[in-house]
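Enquirer: Dumping the structure here so I can ask a few things about it.
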Amino acid sequence: MNAVPRMNQAVAAAVFIALLGCQCATAVDLPKRKPGQWQITLTSDDPRVPARTEDVCLDAATDALLDRFALGASRQLCSRFDWKRLDADRASVEAECKLGATQMTIRGDVAFVGDTAYREQIRTHYDPPLRGRSDRLSVHEARWMGACAPDMKPGDVVSRPSPMLPTGMKINLKDVAGAEQAAR
């Protein structure tokens with residue numbers, strides 16, 4: 001795998017996290033995340049997809065950028081994307097999206113702990129199956145770690161090394177968004 005597909009995967013992962021990671025506050029009044037460094041652990045019930053951890057340096061501008069990414073992605077990929085606030089600390093999402101020839105039905109639940117943590121469970125059904133699977137359960141657990149590390153700036157996403165990304169990766173969402181704007 002070369003750097004370009006890895007970059008696309010990282011951007012796709014960032015957009016997916018934005019799409020289902022509590023970033024669609026424009027649609028529903030969801031809690032904003034506290035500025036600083038966030039650690040997000042992503043797990044899946046697919047044994048071929050090992051758990052991974054990402055560190056994200058957020059500020060208000062990055063959260064707003066993720067809102068725009070999520071809104072744009074949901075408009076491009078989804079015929080339906082509905083957030084519902086269940087109570088002060090919980091929300092749910094239901095979406096119908098298409099990725100290539102695959103129709104995805106997404107149902108997720110998010111539990112917030114103020115502005116310093118959240119946990120979401122996302123169940124996705126694929127028709128036809130994607131990579132041999134019709135259903136997948138993903139869990140994202142995120143917690144605020146404090147101020148961003150000295151070697152991080154707002155917008156940085158650092159994927160720690162994992163079996164699927166042995167060298168890890170660091171991208172900046174603001175840089176990616178700026179490159180997209182320049183390409184238009």
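Enquirer: Across region 158-184, which residue is modelled with the highest pLDDT among those that are hydroxyl-bearing (S, T, Y) and under 15 Å from T41 (Cα atoms)?
Expert: The selected residue is S159.
Enquirer: Shifting gears a bit: Any residue in region 34-48 that is touching a residue at least 24 places away in the same chain (Cβ under 8 Å) and farther than 19 Å from D63 by Cα sitting within a Cβ distance under 6 Å of a residue that is aliphatic (A, V, I, L, M) and assigned to a strand (DSSP E or B)? List the pairs, counting only those 6 or more apart or interchain.
Expert: Close Cβ pairs (under 6 Å, with a partner that is aliphatic (A, V, I, L, M) and assigned to a strand (DSSP E or B)) amount to T43/V139; D45/L137.
Enquirer: Restrict the check to region 167-180 and report whether at least one residue is part of a strand (DSSP E or B), in contact with a His (Cβ under 7 Å, 6 or more places away or on another chain) and either closer than 28 Å to C57 by Cβ or not β-branched (V, I, T) (or both).
Expert: no
Enquirer: Quick check on region 100-155: of everything there that is in contact with a Leu (Cβ under 6 Å, 6 or more places away or on another chain) and without any contact (Cβ under 8 Å) to a residue 40 or more places away in the chain, which residue is farthest from D63 (Cα to Cα)?
Expert: T102
Enquirer: On to the next question. Being of a type in the set (S, T, N, Q) and touching a Lys or Arg at 6+ places or on another chain (Cβ under 8 Å) narrows it down to one residue among T105, T167, T124; which is it?
Expert: Just a single option satisfies the conditions, and that option is T124.
Enquirer: Please work out which residue is surrounded by the fewest Cβ atoms within 10 Å (Cβ to Cβ), limiting yourself to region 60-76 and to residues that are among the hydrophobic types (A, V, I, L, M, F, W, C) and touching a residue at least 40 places away in the same chain (Cβ under 8 Å).
Expert: The extreme case among them is A61.
Enquirer: Filter region 84-133 for residues that are closer than 15 Å to D29 by Cα, in a loop (DSSP other than H, G, I, E, B) and of a type in the set (G, A, S) and give the result.
Expert: Correct list: A88, G114.
Enquirer: So, one more: Which condition from (1) more than 14 Å from I40 (Cα to Cα); (2) within 18 Å of the chain's Cα centre (by Cα); (3) of a type in the set (K, R) is the one that K153 breaks?
Expert: Of the numbered conditions (1) more than 14 Å from I40 (Cα to Cα); (2) within 18 Å of the chain's Cα centre (by Cα); (3) of a type in the set (K, R), the odd one out for K153 is (2).
Residues are listed down the side, and each one gets a yes or a no for (1) part of a helix (DSSP H, G or I); (2) closer than 24 Å to L130 by Cβ; (3) modelled with pLDDT of 90 or more; (4) among the aliphatic types (A, V, I, L, M):
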position: T43; (1), (2), (3), (4): no, yes, yes, no
position: R48; (1), (2), (3), (4): no, yes, no, no
position: C57; (1), (2), (3), (4): no, no, yes, no
position: D63; (1), (2), (3), (4): yes, no, no, no
position: D82; (1), (2), (3), (4): no, yes, no, no
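The values are calculated or read from the model by the stated rules, or taken from the named source; none is laboratory data. Here the structure is a predicted model, which means the values were calculated and not measured. Cβ: placed from backbone, ideal geometry, glycine included. Neighbour counts: every protein chain shown.
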